[in-house]
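Attaching a single structure in structure tokens format; questions to follow.
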Amino acid sequence: HRPWPLVEQDWSAALCHRLPREERALLRRGAHLETVSAPAAAAAAFERCLAIEASGWKGRQGTAMLSRPAVADFYRQLGRQLAEQQYLRLYLLRCADEVVAFDLTAVTPRGLAGLKIGMAESWKKWTPGMVLQLWVLRAAHAGGWGEYDFLGSDDPHKAEWTPHFRALCRLQAFAPTWRGRALALGRERRQRWRSQPHLQPV
């Protein structure tokens, strides 16, 4: 809810230097932001987003949603449910008729939460993902959303946009059975092993 100039003050110096140039380059190529929230339109657009994500490095590394059918189906179902409940905002950066980047977001009690973001690798030199992020943040601010939550771990690129964070805690509970105790013991031993220094080959 801060004035937009105060939001920009949180950005890294490198980001502030790059964004105007990258935004102008994409605008010259006819880039514009499209927001999809209706169930039928979102379902069709999301299939295109899946293909975009799988066409780049995530597809080659096997981490794209389409690389694991169960994961792709999970996000299809999640998107459908969010759209039916009017909680979906699928942001698309388009150049002419081509989708070059997407940001799958959900409306939350606090504002917006980014679930998945991706870009077409053939447009990489114009960094459409960064420009899309800028436009989504502007749209969220103009729409009166209280925050945009990047979700997930504290990746370095997220720190370029904001110094604010919330700690994430993981809680695991095990049943008081022999199997539950075995799982808990195994987890404890793995954590202890990871925390100990190990000799490295010279």
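The values are calculated or read from the model by the stated rules, or taken from the named source; none is laboratory data. Fair warning: this is a prediction, and the values are worked out from it, not measured in the lab. Here the Cβ is made from the backbone with ideal geometry for all residues, glycine too, and neighbour counts use every protein chain on show. Calculation scope for accessible area: heavy atoms of the full protein, side chains included, ligands and nucleic acids excluded. Shrake-Rupley method; radii C 1.70, N 1.55, O 1.52, S 1.80 Å.
Can you give the accessible area of Thr162 in Å² (nearest 10), computed on protein heavy atoms with a 1.4 Å probe?
It works out to around 30 Å².
Cut-off 10 angstrom, C-alpha nodes, Gaussian network model of the chain. Which of Val100, Val131, Val71 fluctuates the most?
Of Val100, Val131, Val71, the most mobile in the Gaussian network model is Val71.
With Rg and the Kirkwood Rh both taken from Cα atoms, where does Rg over Rh land for the stretch 8-69?
Numbers: Rg = 16.0 Å, Rh = 14.6 Å.
Radius of gyration over Kirkwood radius for the stretch 8-69 works out to 1.10.
Compute the long axis of helix 128-142 from its Cα atoms, compare it with the longest principal axis of the Cα atoms of the chain, and write down the angle in degrees, 0 to 90, nearest 10.
Roughly 80 degrees, rounded to the nearest 10.
At 7 Å along Cα-to-Cβ for each site, give me the label-to-label distance between Gln61 and Ala167 in nm.
The two pseudo-label positions are separated by 2.8 nm.
Which distance in Å, rounded to a whole number, links the C-alpha centroids of the stretch 108-176 and the stretch 54-107?
14
Solvent-accessible area of Leu183, probe 1.4 Å, all protein chains present, reported in Å² to the nearest ten, please.
Estimated to the nearest 10 Å², Leu183 gives 80 Å².
While we're here: Test of understanding: in a Gaussian network model of the chain with alpha carbons linked when under 10 Å, which of Ala182, Ala14, Ala40 would top the mean-square fluctuation ranking?
Ala182
Something else now. So, for the chain, what is the accessible surface per residue at a probe of 1.4 Å, expressed in square angstrom?
On the way: 12990 Å² over 202 residues.
The answer is 64 Å² per residue.
To test your reading of the geometry: what angle, between 0 and 90 degrees and rounded to tens, separates the Cα axis of helix 13-28 from the longest principal axis of the chain?
50
Helix-only estimate, please: 222 nm mean residue ellipticity of the chain, summing -39500 (n - 2.57) across DSSP H runs of length 4 or more and dividing by its residues, to the nearest 500.
Working: 8 runs with 95 residues, N = 202.
Mean residue ellipticity, 222 nm, calculated: -14500 deg cm²/dmol.
Oh, and also: Determine the share of the chain's accessible area contributed by carbon and sulfur atoms, expressed in whole percent, with a 1.4 angstrom probe. Mind dumping the intermediate values first?
Details: 7420 of 12990 Å².
The C+S portion of the solvent-accessible surface of the chain is 57 percent.
Pick from Ala142, Ala83, Ala113 the residue whose mean-square fluctuation is largest in a GNM of the chain, springs joining Cα atoms under 10 Å.
Looking only at Ala142, Ala83, Ala113, the biggest GNM fluctuation is shown by Ala142.
Okay, next question. Rounded to whole Å and sorted largest first, what semi-axes of the equivalent ellipsoid does the C-alpha gyration tensor of the stretch 85-202 yield via the square root of 5 times each eigenvalue? Provide the component values of the computation, followed by the final result.
Numbers: eigenvalues 293, 89, 43 Å².
Sorted largest first and rounded, they come to 38, 21, 15 Å.
How many times 2.2 N^0.38 Å is the alpha carbon radius of gyration of the chain?
Numbers: Rg = 20.2 Å, N = 202, 2.2 N^0.38 = 16.5 Å.
Against the empirical 2.2 N^0.38 Å value, I get 1.22 for the chain.
Explain nothing, just the number: relative contact order of the chain, from Cα pairs under 8 Å at least 6 residues apart, as a whole percent.
Values: 236 pairs, mean separation 42.2, N = 202.
The value is 21 percent.
If Asp154, Asp149 are ordered by their accessible area, calculated over protein heavy atoms with a 1.4 Å probe, which sequence runs from highest to lowest?
Working: Asp154 145, Asp149 40 Å².
Ranking Asp154, Asp149 by accessible area, largest first, yields Asp154, Asp149.
Moving to a separate point now. Keeping all protein chains in the complex and leaving out DNA, RNA and ligands, what accessible area do you get for Ser195 with a 1.4 Å probe, in Å² to the nearest 10?
Its accessible surface works out to 90 Å², give or take rounding.
Under unit Cβ charges (Lys, Arg +1; Asp, Glu -1), what dipole magnitude, rounded to 20 debye, does the chain have relative to its Cα centre? Spell out each step's value before the answer.
Details: 29 positive and 19 negative charges, 171 e Å.
I would put it at about 820 debye.
What are the trypsin sites (Lys or Arg not before Pro) within the stretch 106-194 that DSSP puts in a loop, where the Cβ has at most 14 other Cβ atoms within 10 Å? Don't skip to the end; give the middle numbers.
Numbers: sites: Arg110, Lys116, Lys124, Lys125, Arg138, Lys158, Arg166, Arg170, Arg179, Arg181, Arg187, Arg189, Arg190, Arg192, Arg194; in loops: Arg110, Arg166, Arg170.
Counting only loop positions with at most 14 other Cβ atoms within 10 Å, the trypsin sites (Lys or Arg not before Pro) in the stretch 106-194 are Arg110, Arg166, Arg170.
At 0.36 nm per residue, minus the direct Cα-Cα distance, what do Leu183 and Ala70 gain on full extension? Give it in nm, one decimal, please. Write out the running numbers ahead of the final one.
On the way: separation 113, 0.36 × 113 = 40.68 nm, distance 2.49 nm.
So the extension gain works out to 38.2 nm.
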